[in-house]
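Peer 1: Okay, here's the structure, questions in a sec.
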Protein chains: 6
Amino acid sequence: MTEQQSGIGKTALQLVLANSHEIKEAEEKVQATSYRYCLGKTGSMELQKVVSAIETAAKRNGLVDDQLYREMHALYHAILEAVQGVTRGQVQLGDVMRTVGLRFSVVRGYPYPNSKEGEWIAVALYGTIGAPIKGLEHETSGLGINHI
Amino acid sequence: MTEQQSGIGKTALQLVLANSHEIKEAEEKVQATSYRYCLGKTGSMELQKVVSAIETAAKRNGLVDDQLYREMHALYHAILEAVQGVTRGQVQLGDVMRTVGLRFSVVRGYPYPNSKEGEWIAVALYGTIGAPIKGLEHETSGLGINHI
Amino acid sequence: MTEQQSGIGKTALQLVLANSHEIKEAEEKVQATSYRYCLGKTGSMELQKVVSAIETAAKRNGLVDDQLYREMHALYHAILEAVQGVTRGQVQLGDVMRTVGLRFSVVRGYPYPNSKEGEWIAVALYGTIGAPIKGLEHETSGLGINHI
Amino acid sequence: MTEQQSGIGKTALQLVLANSHEIKEAEEKVQATSYRYCLGKTGSMELQKVVSAIETAAKRNGLVDDQLYREMHALYHAILEAVQGVTRGQVQLGDVMRTVGLRFSVVRGYPYPNSKEGEWIAVALYGTIGAPIKGLEHETSGLGINHI
Amino acid sequence: MTEQQSGIGKTALQLVLANSHEIKEAEEKVQATSYRYCLGKTGSMELQKVVSAIETAAKRNGLVDDQLYREMHALYHAILEAVQGVTRGQVQLGDVMRTVGLRFSVVRGYPYPNSKEGEWIAVALYGTIGAPIKGLEHETSGLGINHI
Amino acid sequence: MTEQQSGIGKTALQLVLANSHEIKEAEEKVQATSYRYCLGKTGSMELQKVVSAIETAAKRNGLVDDQLYREMHALYHAILEAVQGVTRGQVQLGDVMRTVGLRFSVVRGYPYPNSKEGEWIAVALYGTIGAPIKGLEHETSGLGINHI
């Protein structure tokens with residue numbers, strides 16, 4: 001672990017905030033740390049598709065072991081917390097007539113100097129939320145962090 | 001308004017995420033856009049102090065006109081939405097035995113190409129949340145956006 | 001019970017919405033029904049003072065028997081439901097830097113034609129919510145109904 | 001703008017509370033003010049149909065410009081706030097096995113003496129909520145207000 | 001009413017916590033009191049099926065009179081409160097990608113020495129909540145109590 | 001780990017439900033398992049005192065290592081989830097004019113046959129909630145579970 005690595009949450013947020021021309025640099029920055037990560041996109045009026053897309057990406061990229069409930073449980077709660085930043089109030093999309101288009105990142109690693117603190121997982125979201133009509137939307141973001 | 005300016009929410013988030021050696025560059029980037037902004041810090045176990053610190057900074061920096069309820073109302077709801085990303089679930093701090101240390105930014109301007117969309121306001125928060133004991137904390141973030 | 005009496009909720013709302021010159025007529029209208037009611041005002045940044053003011057008025061006016069938990073329980077939940085209409089989201093006032101000035105009514109009686117449905121209680125609230133600064137506020141309302 | 005016009009919220013509530021024989025008088029009262037308004041009915045176990053019905057009525061009656069996100073955003077949040085008074089706790093209907101039958105009003109105008117406060121929008125709801133069985137229901141109401 | 005009967009809530013909880021070899025003893029214990037009760041199982045990703053299963057069992061076993069809204073209203077709110085203990089935060093299942101397998105009990109009777117306190121109803125839930133994959137789940141419980 | 005040990009949640013619930021003459025038997029039952037546990041009482045109108053009492057008991061009894069944030073973080077979220085079962089809706093006590101008197105248990109151990117699932121922690125609560133007046137109260141319960 002490099003001592004100068006950013007917080008795991010900031011790392012996750014910077015990955016989703018990077019524009020297409022910045023993403024390479026952002027990824028290289030994370031690769032220089034001890035963190036592992038994955039990136040993806042998801043968009044839906046159904047919240048469960050958002051949750052599912054992030055879980056699937058994290059499993060496929062080996063960030064969590066889907067045979068261990070403990071890891072899936074940690075990831076799940078980090079996702080739900082990030083979603084609360086996105087939905088701000090009601091954890092609902094289509095039910096209250098809105099849709100999201102999101103970039104997501106999942107970052108896993110040792111964010112504390114004391115190695116006994118073990119691994120943690122961060123989920124960051126950034127994109128748009130709004131009516132299911134192009135243009136009727138504004139930005140939204142969320143961050144969830146959990147021990148794993 | 002420069003055409004290439006980032007979203008108002010991303011701009012607000014990048015301001016609170018910048019480290020001390022990045023902040024100058026981050027501020028210059030915003031100054032090149034048509035957005036106006038202010039930055040500050042706040043930490044408390046009392047949520048109302050957090051709300052109040054952001055409102056005061058926004059007023060002092062002329063981002064909102066405190067004689068117009070319409071502007072204060074827009075700011076207030078943007079703050080509350082950002083706080084929901086930070087608290088994820090219960091909009092409470094000391095009542096549930098936790099404290100925050102946050103950087104905040106408030107950004108105001110025209111984020112949409114169509115000038116009739118008028119001005120919007122974004123509030124971004126980034127910092128730590130946790131027990132009122134040094135070190136027992138993890139990162140947290142929130143973003144609220146409203147028309148003004 | 002007169003057959004044409006309004007719903008218990010509408011009755012409660014009309015009492016809090018009546019202006020000073022309409023209140024006499026509004027009260028007479030309720031007095032012509034089988035409903036019993038009381039009216040009051042409360043204003044605070046502390047939610048518990050609002051709850052307490054309504055409970056006290058209902059007890060003093062004999063709308064509930066404060067020796068019976070069953071009646072206090074019914075009233076309490078009707079109050080909390082009405083407060084949720086007022087606060088819309090977080091059931092909080094001062095903690096999120098806002099204050100209310102409210103008129104309240106409590107109405108008790110038999111709202112259903114079938115007398116076996118027994119008595120119900122309605123709590124209506126109407127007034128203003130906003131920053132603790134004169135003028136920085138807008139209207140708010142809430143209605144709670146429970147069997148008693 | 002007539003000086004004696006009621007608050008925009010009270011106006012919206014009185015429109016949904018008016019019985020069939022009172023509605024003409026209630027509408028005339030609003031027409032004497034500077035407020036614009038529309039009225040409608042909606043009933044569903046699906047919350048998104050309620051949101052959609054109000055949005056559609058407001059658009060068709062020219063109360064909001066559906067080409068401007070700013071106006072749709074203001075309306076949307078006013079609707080959600082009104083719905084919170086109706087649902088009191090969970091912003092859900094069919095998911096928790098309940099249905100609503102509602103009258104709604106949308107009122108737009110200048111509620112503050114200071115014209116710089118600009119236009120605001122109020123959404124009022126009144127009707128019944130309960131089990132999806134005739135008669136197993138009680139009254140419910142909600143009010144949402146936003147600057148536009 | 002036997003004087004030594006447990007609280008109505010504890011009684012409801014003990015019924016859902018009893019293992020198969022303990023259930024006979026648990027039921028006999030309740031039968032020795034003045035409480036009436038029913039027991040059942042339900043599992044779903046749809047919250048409304050959970051609500052519906054409990055309502056149906058309570059009606060079929062004569063614990064509530066489905067012709068009286070007052071009784072259905074009391075039961076409904078007791079169910080919703082119990083569900084909040086199970087879901088802890090968002091009153092949602094499938095929408096946030098999770099499922100439950102629950103035992104439920106409904107208990108009705110006079111829990112207070114003062115007979116004027118009348119009848120109350122308790123709903124207890126115990127089982128598992130988790131991802132819709134066998135094994136990825138942990139225990140969950142909830143208790144709701146209301147006057148009837 | 002004995003194969004027949006109950007779930008960690010059920011174990012925690014049975015500890016708080018046991019009457020004074022049952023508690024010895026209940027404790028012996030847990031001592032026969034691999035679980036570690038502690039028991040306590042707390043009562044307050046202030047939620048933070050409830051949270052604090054449970055944290056302190058868990059630390060003093062060596063159930064969590066207060067030098068490790070990871071353990072305190074796991075415990076904290078388990079407590080908050082249990083509190084949500086107690087408060088059902090608003091995670092608030094005195095602010096909405098109510099008080100609790102609770103027994104609590106904290107149980108730690110390996111609830112899954114697969115030892116890779118590691119340790120989990122359960123927090124159970126049982127007692128009364130109501131107005132701050134003796135007798136105006138009913139039972140309440142909550143259960144929170146987290147990986148540690």
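Here's the yes/no breakdown for (1) in contact with a Ser or Thr (Cβ under 6 Å, 6 or more places away or on another chain); (2) part of a helix (DSSP H, G or I); (3) of a type in the set (A, V, I, L, M); (4) more than 28 Å from E:Pro111 (Cβ to Cβ):
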| site | (1), (2), (3), (4) |
| --- | --- |
| C:Lys49 | no, yes, no, yes |
| C:Ile54 | no, yes, yes, no |
| C:Lys59 | no, yes, no, no |
| C:Glu81 | no, yes, no, no |
| C:Val86 | yes, yes, yes, yes |
| C:Leu102 | yes, no, yes, yes |
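Peer 1: Okay, moving on. Mind listing just one residue for me: the one in the range E:94-114 that is open to solvent by less than 40 Å² (accessible area, probe 1.4 Å) and within 14 Å of chain A (Cβ to nearest Cβ) and, of those, nearest to E:Ala32 (Cα to Cα)?
Peer 2: Residue satisfying both the conditions and the ranking: E:Thr99.
Peer 1: In the range F:17-44, how many are surrounded by fewer than 17 Cβ atoms within 10 Å (Cβ to Cβ) and under 16 Å from F:Val83 (Cα atoms)?
Peer 2: Final tally of qualifying residues: 2.
Peer 1: What is the number of the single condition among (1) part of a loop (DSSP other than H, G, I, E, B); (2) farther than 22 Å from C:Gly118 by Cβ; (3) not hydrophobic (A, V, I, L, M, F, W, C) that E:Gly142 does not meet?
Peer 2: Exception for E:Gly142: condition (1).
Peer 1: Could you pull out the residue among F:Ala18, F:Ala32, F:Ala26, F:Ala57 that is among the hydrophobic types (A, V, I, L, M, F, W, C) and touching a Cys at 6+ places or on another chain (Cβ under 6 Å)?
Peer 2: Values: F:Ala18 fails: touching a Cys at 6+ places or on another chain (Cβ under 6 Å); F:Ala32 fails: touching a Cys at 6+ places or on another chain (Cβ under 6 Å); F:Ala26 fails: touching a Cys at 6+ places or on another chain (Cβ under 6 Å).
So the residue among F:Ala18, F:Ala32, F:Ala26, F:Ala57 that is among the hydrophobic types (A, V, I, L, M, F, W, C) and touching a Cys at 6+ places or on another chain (Cβ under 6 Å) is F:Ala57.
Peer 1: Please work out if B:Glu22 is among the acidic types (Asp, Glu), more than 14 Å from chain A (Cβ to nearest Cβ) and free of Cβ contacts under 8 Å to residues at least 40 places away in the same chain.
Peer 2: Details: among the acidic types (Asp, Glu): yes; more than 14 Å from chain A (Cβ to nearest Cβ): no; free of Cβ contacts under 8 Å to residues at least 40 places away in the same chain: yes.
It is false that B:Glu22 is among the acidic types (Asp, Glu), more than 14 Å from chain A (Cβ to nearest Cβ) and free of Cβ contacts under 8 Å to residues at least 40 places away in the same chain.
Peer 1: Next up: Hey, can you tell me all the residues within the range A:115-126 that are open to solvent by less than 10 Å² (accessible area, probe 1.4 Å) and either more than 12 Å from chain F (Cβ to nearest Cβ) or closer than 16 Å to A:Leu17 by Cβ (or both)?
Peer 2: Correct list: A:Ala122, A:Val123, A:Ala124, A:Leu125.
Peer 1: Looking at (1) out of contact with any Leu (no Cβ under 6 Å at 6 or more places or on another chain); (2) surrounded by 23 or more Cβ atoms within 10 Å (Cβ to Cβ); (3) more than 14 Å from chain C (Cβ to nearest Cβ); (4) not hydrophobic (A, V, I, L, M, F, W, C), can you tell me which one D:Tyr76 breaks?
Peer 2: Looking at each condition in turn, D:Tyr76 falls short on (3).
Peer 1: For the range D:102-148, name all the residues that are of a type in the set (Gly, Ala, Ser) and within 13 Å of the chain's Cα centre (by Cα). It would help to see each step written out before you state the result.
Peer 2: Step one: filter the range D:102-148 for residues of a type in the set (Gly, Ala, Ser), giving D:105, D:109, D:115, D:118, D:122, D:124, D:127, D:130-131, D:135, D:141-142, D:144.
Answer for the range D:102-148, where residues must be of a type in the set (Gly, Ala, Ser) and within 13 Å of the chain's Cα centre (by Cα): D:Ser105, D:Ala122, D:Ala124, D:Gly127, D:Ser141, D:Gly142, D:Gly144.
Peer 1: Pick from the range D:1-16 the residues that are within 14 Å of chain C (Cβ to nearest Cβ) and over 15 Å from the mean Cα position of the chain (by Cα): which of them is surrounded by the fewest Cβ atoms within 10 Å (Cβ to Cβ)? Break it down stepwise before answering.
Peer 2: Applying the first criterion (within 14 Å of chain C (Cβ to nearest Cβ)) to the range D:1-16 yields D:4-16.
Within this subset, residues satisfying the condition of being over 15 Å from the mean Cα position of the chain (by Cα) are D:4-6.
Details: D:Gln4: 7, D:Gln5: 18, D:Ser6: 19.
Among them, the one singled out is D:Gln4.
Peer 1: Please count how many residues of the range B:16-38 are touching a Phe, Trp or Tyr at 6+ places or on another chain (Cβ under 7 Å) and aliphatic (A, V, I, L, M).
Peer 2: Initially, the range B:16-38 is screened for residues touching a Phe, Trp or Tyr at 6+ places or on another chain (Cβ under 7 Å), giving B:16-17, B:30, B:34.
Next, from what is left, pick out any that are aliphatic (A, V, I, L, M): B:16-17, B:30.
Residues flagged as touching a Phe, Trp or Tyr at 6+ places or on another chain (Cβ under 7 Å) and aliphatic (A, V, I, L, M) within the range B:16-38 amount to 3.
Peer 1: Related question: Return the only residue of C:Glu139, C:Glu81 being within 14 Å of chain D (Cβ to nearest Cβ) and in contact (Cβ under 8 Å) with a residue 24 or more places away in the chain. Working first, answer last.
Peer 2: Numbers: C:Glu139 fails: in contact (Cβ under 8 Å) with a residue 24 or more places away in the chain.
One residue alone meets the criteria, C:Glu81.
Peer 1: Hey, any hits in the range D:55-64 for a residue that's within 14 Å of chain C (Cβ to nearest Cβ), at pLDDT 95 or above and within 16 Å of D:Leu143 (Cα to Cα)? Reasoning before the result, please.
Peer 2: At the first step, the residues of the range D:55-64 found to be within 14 Å of chain C (Cβ to nearest Cβ) are none.
No: the range D:55-64 contains no residue that is within 14 Å of chain C (Cβ to nearest Cβ), at pLDDT 95 or above and within 16 Å of D:Leu143 (Cα to Cα).
Peer 1: Given the criterion within 11 Å of the chain's Cα centre (by Cα), facing another protein chain (nearest Cβ under 8 Å) and surrounded by fewer than 24 Cβ atoms within 10 Å (Cβ to Cβ), identify the matching residue among B:Val91, B:Val51.
Peer 2: B:Val51
Peer 1: Could you give every pair whose Cβ atoms fall below 9 Å, whose first residue belongs to the range D:28-48 and is within 14 Å of chain A (Cβ to nearest Cβ) and within 14 Å of D:Ala124 (Cα to Cα), and whose second residue is of a type outside the set (Asp, Glu) and open to solvent by 20 Å² or more (accessible area, probe 1.4 Å), counting only separations of at least 6 or pairs across chains?
Peer 2: Pairs found: D:Thr42/D:Lys49; D:Thr42/D:Ser52; D:Thr42/D:Ala53; D:Thr42/D:Gly101; D:Thr42/D:Arg103.
Peer 1: Taking the criterion of being under 14 Å from the mean Cα position of the chain (by Cα) and either aromatic (Phe, Trp, Tyr) or not in a helix (DSSP H, G or I) (or both), would at least one residue in the range A:65-74 satisfy it?
Peer 2: No, because not a single residue in the range A:65-74 is under 14 Å from the mean Cα position of the chain (by Cα) and either aromatic (Phe, Trp, Tyr) or not in a helix (DSSP H, G or I) (or both).
Peer 1: I need the full set of residues from the range D:28-47 which are closer than 18 Å to A:Thr99 by Cα and assigned to a loop (DSSP other than H, G, I, E, B), in order please. Can you show your working first?
Peer 2: Step one: list which residues in the range D:28-47 are closer than 18 Å to A:Thr99 by Cα, which gives D:46-47.
Correct list: D:Glu46 only.
Peer 1: With respect to F:Ile129, is the statement that it is surrounded by 18 or more Cβ atoms within 10 Å (Cβ to Cβ), in a helix (DSSP H, G or I) and either touching a Ser or Thr at 6+ places or on another chain (Cβ under 6 Å) or touching a residue at least 60 places away in the same chain (Cβ under 8 Å) (or both) true? Give the steps one after another, and end with the answer.
Peer 2: Working: surrounded by 18 or more Cβ atoms within 10 Å (Cβ to Cβ): yes; in a helix (DSSP H, G or I): no; either touching a Ser or Thr at 6+ places or on another chain (Cβ under 6 Å) or touching a residue at least 60 places away in the same chain (Cβ under 8 Å) (or both): yes.
The answer is no for F:Ile129.
Peer 1: If you don't mind, there's one more thing I want to ask. Please tell me if E:Gly144 is more than 9 Å from chain F (Cβ to nearest Cβ), buried (at least 19 other Cβ atoms within 10 Å of the Cβ) and modelled with pLDDT of 95 or more. Working first, answer last.
Peer 2: Numbers: more than 9 Å from chain F (Cβ to nearest Cβ): no; buried (at least 19 other Cβ atoms within 10 Å of the Cβ): yes; modelled with pLDDT of 95 or more: yes.
Judged against the criteria, E:Gly144 is not a match.
The values are calculated or read from the model by the stated rules, or taken from the named source; none is laboratory data. If you're wondering where the values come from, they're calculated on a predicted model, not measured in any experiment. All Cβ positions, glycine included, derive from the backbone under ideal geometry; neighbour counts span all protein chains shown. Quick note on the areas: whole protein, heavy atoms, side chains included, nothing else; ligands and nucleic acids left out. Shrake-Rupley method; radii C 1.70, N 1.55, O 1.52, S 1.80 Å.
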